[in-house]
1. Hey, could you check region 79-103 for residues that are surrounded by 22 or more Cβ atoms within 10 Å (Cβ to Cβ) and of a type in the set (Asp, Glu) and say which is nearest to the chain's Cα centre (by Cα)?
2. Got a sec? Which strands (runs of 3 or more DSSP E) wholly within region 324-408 have at least 3 residues that are β-branched (Val, Ile, Thr) and either under 20 Å from Phe269 (Cβ atoms) or out of contact with any helix residue (DSSP H, G or I) (no Cβ under 8 Å at 6 or more places or on another chain) (or both)?
3. Look at Phe206 and say whether it is of a type in the set (A, V, I, L, M, F, W, C) and part of a strand (DSSP E or B).
4. Among Arg256, Arg240, which is crowded, with 16+ Cβ neighbours inside 10 Å, out of contact with any His (no Cβ under 7 Å at 6 or more places or on another chain) and either of a type in the set (Ser, Thr, Tyr) or assigned by TED's automatic domain parsing to the domain that holds Tyr383 (or both)?
5. Got at least one residue in region 389-404 being at pLDDT 95 or above, closer than 15 Å to Val337 by Cβ and surrounded by fewer than 22 Cβ atoms within 10 Å (Cβ to Cβ)?
6. When the residues of region 301-319 are narrowed to those that are free of Cβ contacts under 8 Å to residues at least 24 places away in the same chain and hydroxyl-bearing (Ser, Thr, Tyr), which ends up farthest from Arg223 (Cα to Cα)?
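The values are calculated or read from the model by the stated rules, or taken from the named source; none is laboratory data. The model shown is predicted, which means the values in this text are computed figures rather than measured ones. No Cβ is skipped: glycine too gets one built from the backbone with ideal geometry, and neighbour counts run over all protein chains shown.
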Amino acid sequence: MRLKKMVIMKLKELLGSGKATLVLGLLGLYLLSAGTSWAVFSLLGESPAGNVFVDVGELESTRSQIMQLPKTESCPINGKLYTKPEKAIWETRRPIAAMIENHADSRPVQGLSRADVVYEAVAEGGITRLLGVFYCGAAGSEVEIAPVRSVRVYFVDWASEYSEFPIFMHVGGANDFGGFGDTAKEARALELLASMGWRVPGGNDFDTIYDSGFPVFYRNPDRLGHPIATEHTMVANLDRAYDEAVDRGFANKDTRGDSWDKVFIPWKFFEDKPLSSPKVSEVSFEFWSDSPDYDVKWVYDSQSNSYKRFNGDKSYVDLEFDNVQLTSKNVVVMSVVERGPVDRNKHILYTTVGKGSALIYQNGDEIKATWEKKSRTDRTRFYDSAGKEVSFVNGEIWIEVVPKGNKINTK
């Protein structure tokens, strides 16, 4: 596919520059995602006797070299460090923003540990939903995410911070296409996407009920190893999504030749500086008082200088990657105004544009902060009590969007 050809073109450029180590690393990483070595040589137009050759039997060796390469390249989304081959791959792409379900019956999630940034807010009925932003963390291996679900308007506002046209993945969303008036105008997510120019044929809106399907999306009723409701079964393959994005004109540059980050302004980042004696070792809160399955707890781990996530008092793990418990270097608790239900479908609305208070947890410390977002496409920024923009520790960032007035418990 065209994305693979772009990576191959990158390899040829690197070959010409003599950066052999980087080339081998990128080759190995491509092989890891594609699952075959001979395809690379076919696309390159090189014979096995040519200057570039990675024998099938050396595949595992090449992969191990990638794992051992120094992590020197900073991710523009969250500051986390990666290898040069990984950067070479993400530079051919643009961010993916994907809606991921968090219903208790749909857990564990898949692929979320590879997200650079995650937003969490209630969808309806006290049940939270997640917006995962994937870019750098999805470069090093093939990633499948699940379960993909429908979108709400406030998640669109946060996704809009990651370029004019990020790859936006979901399964339908709040709308009033039927004309019954059951969904309030201000809660109609699909109509909003259309008005923004995302939801058009061949656009950056990848929706299974519109014009996106297999092999980007597919249903796996056996993903949890036991019977589950159909709405918990949608899986998306991010490599295939990027292939499709290239076909639609949404690689790292659009059809006008503009890079996705032309107007993107990243947050500020810095290296780990853990406190010798943590001020806060645990953060917990609820979204709605009658929905304990969605209560969140983050427990600080001083060894890794990160926070381990618990949901409904259970470890929150990633099924896609050996049930690893999800962690984050930064946890942001945003206090926002909640309104609703605003219609017969019981949709909730949250303030995304404006100002509010926030608490930020990093390095075992707590920062009392404020947040500000001037428009839908503007970046949400965080400021400390002195008015200085808060910098994030290099690594994962979780943004918890909690109704104003909710108590935040710390230990």
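1. Glu101
2. Ranges flagged: 330-336, 397-403.
3. Working: of a type in the set (A, V, I, L, M, F, W, C): yes; part of a strand (DSSP E or B): yes.
Taking the combined requirement at face value, the residue satisfies it.
4. Values: Arg256 fails: crowded, with 16+ Cβ neighbours inside 10 Å.
When all the criteria are applied, what remains is Arg240.
5. So far as region 389-404 goes, yes, one or more of its residues are at pLDDT 95 or above, closer than 15 Å to Val337 by Cβ and surrounded by fewer than 22 Cβ atoms within 10 Å (Cβ to Cβ).
6. Here the residue is Ser304.
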